[in-house]
Amino acid sequence: MRMEWVSAIIDFCVLGLLSTMSVVVVAILLERLAFFRSLKLESFASAKALELELTQRMFVVASVAANAPYIGLLGTVLGIMLAFYNMGVDSTADVGRIMSSLALALKATAAGLIVALVSVTAYNFLWRRIKVLMLTWEIAHG
């Protein structure tokens, strides 16, 4: 009995989930930037109301940044499990097969780290812009 389904889980589930998370973060980044450009600070009577509008969906970006490495790590663990299982079933040390299984495992780690880096950068960029807008409002209303 082979465990090709583990390879399919890594390719379609883990990498698919990471790709989806990356698209979501980029979409939120673009949406927030468009919102910030169209924002009229003078239309807000309180700093709290402004902060609520500015920080919408930021928790999604933070959650992706925090969890993407773990999802990549899950793919790595599954890939290494697959490599060890195949070595045990074949009772041979076929270097090519082992390396291809480990490469698959490391692909998941790399994808998780890339998604996390994009998410952390987007999060920090958006928070900086939020702080600038909040301070601009406070200066105008202070």
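The values are calculated or read from the model by the stated rules, or taken from the named source; none is laboratory data. The structure displayed is predicted, hence computed values, not measured ones. With ideal geometry, Cβ positions are generated from the backbone for all residues, glycine too; neighbour counts draw on all protein chains shown. The protein model used for the area step is the full one, side chains on, heavy atoms only, and it has no ligands, DNA or RNA in it. Shrake-Rupley method; radii C 1.70, N 1.55, O 1.52, S 1.80 Å.
With the charge dipole of the chain set up from +1 on Lys and Arg Cβ and -1 on Asp and Glu Cβ about the Cα centre, the Cα lying farthest toward the positive end among the listed residues Ala103, Leu30, Ala49 is that of Ala49.
Helix by helix through the chain, keep the DSSP H runs that span 20 Å or more along the axis on Cα and average at least -1.0 on Kyte-Doolittle, and give those back in order. Before the final figure, lay out each step's value.
Details: long enough: 15-38 (35 Å, 1.63); 58-90 (48 Å, 1.45); 95-141 (68 Å, 1.07).
Helices meeting the criterion: 15-38, 58-90, 95-141.
Using a probe radius of 1.4 angstrom, the carbon and sulfur fraction of the accessible surface of the chain is 71%.
Accessible surface computed residue by residue for the chain, with neighbouring protein chains in place and a 1.4 Å probe, gives 59 Å² per residue.
Of the two radii for the chain, the radius of gyration is 1.24 times the Kirkwood radius, both from the alpha carbons; that is the Rg over Rh value. Computed over the chain with a Gaussian network model linking Cα atoms closer than 10 Å, the most mobile of Val89, Val23, Val115 is Val89.
If a spin label sat at a point 7 angstrom from the Cα of Met58 along the line to its beta carbon, the backbone N atoms of region 114-142 nearer than 12 Å would be those of 123-135. Compared with the direct C-alpha span, the chain from Phe125 to Val23 gains 35.0 nm at full extension, assuming 0.36 nm per residue. Separation of region 13-82 from region 94-142 is 9 Å, based on Cα centroids.
Under the definition of Cα pairs under 8 Å and six or more residues apart, what whole-number percent is the relative contact order of region 1-77?
Values: 20 pairs, mean separation 42.2, N = 77.
With pairs under 8 Å counted, the relative contact order is 55 percent.
Rg of the Cα atoms in region 32-81, relative to 2.2 N^0.38 Å, amounts to 1.86.
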